[in-house]
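Notes follow once the structure below has been shown.
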Amino acid sequence: MASPSPGNSITLRVEAPSSFTATSELAAAVAAAGAAVTALDVTESHHERLVVDVTCNTTDDAHAVRVKDALDALDGVTVRKVSDRTFLMHLGGKLEVVPKVALRNRDDLSRAYTPGVARVCMAIAEDPSAARNLTIKRNTIAVVTDGSAVLGLGNIGPAAALPVMEGKAALFKQFANVDAWPVCLDTQDTEEIIMIVKALAPVYGGVNLEDIAAPRCFEIEKRLRDELDIPVFHDDQHGTAIVTLAALTNALRVVDKKIGDVKIVVAGVGAAGNAIIQLLIAEGANNIVACGRNGAINRTETYTDAHRTWLAENTNPDNFTGTLHEAVAGADVFIGVSGPNVLGEEQVASMAEKSIVFAMANPTPEVDPAIASKYAAVVATGRSDFPNQINNVLAFPGFFRGLLDAGVADITPEMLVAAATAIANRVGDDELNASFIVPSVFDQHVAGDVASAVAAAAGHTTEKGQLS
């Protein structure tokens, strides 16, 4: 299934004999090695030699070595250096702090800092709610993780999680002008995490919980929501659920089915799976079978955690007790938030006519999208190199923009549904097809539409997601 991806992009600085065909020969060799050439730049041109930067997408590190070897094998060609463009992007981190006010002279300094700042401090001391208007709290989010469930990489710890949290903060700023900062905690103790976040809360207007493993994430979110006066949103749960509902809304339009009529099988009963199922039920889904590692969650079994118990009581109306492979037979919809390659061709072929497959495990989906598309009418993944990317960036920037604009702390199911509807509606009737069920993450209207929808659901009105 692996195909060349921008996530594995490299630049090779190559010295080659000077000729009219030099660059075409280099490009042909890279293509023959299975990579996708994206740029050829002649950086030096001499009488007998050229130096060319060849940029291409590969599948992994081993593939990059094969591309280098293919170029080195050409007569008279030498690869001077190979640069990994993803690592280069991360050098020194992806964020910086930039003042919003100019400090040009003593006059500016006296107002931004001492002595003038003391007056602002006292105003907040007398009225703590003034901090929302007079500090960064008005527009700043803490992106909090313990590094226990990072992407599909597992428990890799807080330092290794930091590049993801930096990226998350960059997305907040890029798409919704929300200032966000990574808060990677060197503890995986539930009580310590709750205590630290509560202690940090005065600085922030909201908390985005990220990549915290289940079931710990459920307790942390619930407690923080109960004990803080700012919104707390676990993106792995609710952001995923919002975008999944948006994608399913439009996929069902493509195949002309209703959410209340279809059988939906969800693989994965962790944070994302639970939230997806709850939101789908809120939207009228009647027949959901949730499958964990041991098969379908059912009422015959006894479960020790509250979340599987809730699933047993609220899903699987026929009390099916088989495996995931058995569950998907005849199903209209498969939603995967589990792990790689849990389905094969036979299972997708066994689904109902005009089936829908959302294989969202990253970086390797539950089923090869190319295989799934042989049988399913609509296929989506979490990857950017296939059509229909179900990506949380469609949800969380605008969702927090709406929360901050409205100045509310509570997050309701109505807000989640409103956000999903806003995303789904960005795909017009004239655009909707099996390969385009969600808008591009670069659609400039998505965040504003989501923000307005969330603020409206909260009982506030904003215009295109701007501050109310």
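Below are the figures for this structure:
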{"read-out": "First in region 277-305 and within 14 Å of Asn319 (Cβ to Cβ) and open to solvent by 10 Å² or more (accessible area, probe 1.4 Å), second anywhere and hydroxyl-bearing (Ser, Thr, Tyr) and part of a loop (DSSP other than H, G, I, E, B), Cβ under 7 Å, 6 or more apart", "value": "Thr300/Thr321"}
{"read-out": "Selection count where residues are in contact with a helix residue (DSSP H, G or I) (Cβ under 9 Å, 6 or more places away or on another chain) and either open to solvent by less than 10 Å² (accessible area, probe 1.4 Å) or polar (S, T, N, Q) (or both), scope region 255-267", "value": "5"}
{"read-out": "Qualifying residue in region 43-59 (condition: open to solvent by 40 Å² or more (accessible area, probe 1.4 Å), β-branched (Val, Ile, Thr) and under 30 Å from Pro340 (Cβ atoms))", "value": "no"}
{"read-out": "Subset tally (residues that are open to solvent by less than 40 Å² (accessible area, probe 1.4 Å) and over 33 Å from the mean Cα position of the chain (by Cα)) for region 1-35", "value": "6"}
{"read-out": "Looking only at region 62-102, and only at residues there that are closer than 12 Å to Ala35 by Cα and among the charged types (D, E, K, R), the one that is most open to solvent (accessible area, probe 1.4 Å)", "value": "Arg66"}
{"read-out": "Residue within region 383-401 that is acidic (Asp, Glu), in contact with a helix residue (DSSP H, G or I) (Cβ under 9 Å, 6 or more places away or on another chain), surrounded by fewer than 24 Cβ atoms within 10 Å (Cβ to Cβ) and farther than 17 Å from Pro439 by Cβ present", "value": "no"}
{"read-out": "Which numbered condition Met351 misses (of (1) over 30 Å from Asp179 (Cα atoms); (2) under 13 Å from the mean Cα position of the chain (by Cα))", "value": "(2)"}
{"read-out": "Residues of region 181-194 satisfying the condition of being open to solvent by 40 Å² or more (accessible area, probe 1.4 Å) and assigned to a helix (DSSP H, G or I)", "value": "Glu191, Glu192"}
{"read-out": "Residues of region 119-154 that turn out to be over 15 Å from Leu404 (Cα atoms), surrounded by fewer than 17 Cβ atoms within 10 Å (Cβ to Cβ) and not charged (D, E, K, R), as a count", "value": "10"}
{"read-out": "Those helices (runs of 4 or more DSSP H) lying entirely in region 357-468 with at least 2 residues closer than 27 Å to Ala331 by Cα and touching an Asp or Glu at 6+ places or on another chain (Cβ under 9 Å)", "value": "369-372, 413-425"}
{"read-out": "Long-range neighbours under 8 Å by Cβ, at least six apart or interchain, first residue free of Cβ contacts under 8 Å to residues at least 12 places away in the same chain within region 116-127, second of a type in the set (D, E, K, R) and assigned to a helix (DSSP H, G or I)", "value": "Val117/Arg111"}
{"read-out": "Residue among Leu200, Leu224, Leu209 that alone is touching a residue at least 60 places away in the same chain (Cβ under 8 Å) and not basic (Lys, Arg)", "value": "Leu209"}
{"read-out": "Every pair of residues 6+ apart whose Cβ atoms lie under 7 Å, when the first sits in region 442-459 and is within 12 Å of Ala176 (Cβ to Cβ) while the second is of a type in the set (Gly, Ala, Ser) and open to solvent by 20 Å² or more (accessible area, probe 1.4 Å)", "value": "Val454/Ala418"}
{"read-out": "Output for region 406-441, where each listed residue is open to solvent by 60 Å² or more (accessible area, probe 1.4 Å) and free of Cβ contacts under 8 Å to residues at least 40 places away in the same chain", "value": "Asn425, Arg426, Asp429, Asp430, Glu431"}
{"read-out": "Hey, Val178 β-branched (Val, Ile, Thr) and surrounded by 24 or more Cβ atoms within 10 Å (Cβ to Cβ) or not", "value": "yes"}
{"read-out": "Some residue of region 157-164 being in contact with a helix residue (DSSP H, G or I) (Cβ under 6 Å, 6 or more places away or on another chain), aliphatic (A, V, I, L, M) and surrounded by fewer than 19 Cβ atoms within 10 Å (Cβ to Cβ)", "value": "no"}
{"read-out": "Residue satisfying all of: in region 330-348; open to solvent by 50 Å² or more (accessible area, probe 1.4 Å) and within 29 Å of the chain's Cα centre (by Cα); nearest to Ser435 (Cα to Cα) among these", "value": "Glu345"}
{"read-out": "Scope region 137-165; condition more than 13 Å from the chain's Cα centre (by Cα) and in a helix (DSSP H, G or I); matching residues", "value": "Lys137, Arg138, Asn139, Pro158, Ala159, Ala160, Ala161, Leu162, Pro163"}
{"read-out": "Checklist (1) open to solvent by less than 70 Å² (accessible area, probe 1.4 Å); (2) over 24 Å from the mean Cα position of the chain (by Cα); (3) touching a residue at least 40 places away in the same chain (Cβ under 8 Å) applied to Ile230, failing item", "value": "(2)"}
{"read-out": "Boolean, Thr240 is within 16 Å of Ala418 (Cα to Cα), touching a residue at least 60 places away in the same chain (Cβ under 8 Å) and open to solvent by 10 Å² or more (accessible area, probe 1.4 Å)", "value": "yes"}
{"read-out": "Test: residue in region 375-382 that is open to solvent by less than 50 Å² (accessible area, probe 1.4 Å), hydroxyl-bearing (Ser, Thr, Tyr) and either out of contact with any strand residue (DSSP E or B) (no Cβ under 6 Å at 6 or more places or on another chain) or within 26 Å of Thr59 (Cβ to Cβ) (or both)", "value": "yes"}
{"read-out": "Number of the condition not met by Val197 [criteria: (1) of a type in the set (A, V, I, L, M); (2) buried (at least 21 other Cβ atoms within 10 Å of the Cβ); (3) under 24 Å from Thr421 (Cα atoms)]", "value": "(3)"}
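The values are calculated or read from the model by the stated rules, or taken from the named source; none is laboratory data. Being a predicted model, the structure only gives us computed values, none of them experimental. Glycine also receives a Cβ, built like all others from the backbone with ideal geometry; neighbour counts cover every protein chain displayed. Areas reflect the complete protein model, heavy atoms only, side chains present, ligands, DNA and RNA absent. Shrake-Rupley method; radii C 1.70, N 1.55, O 1.52, S 1.80 Å.
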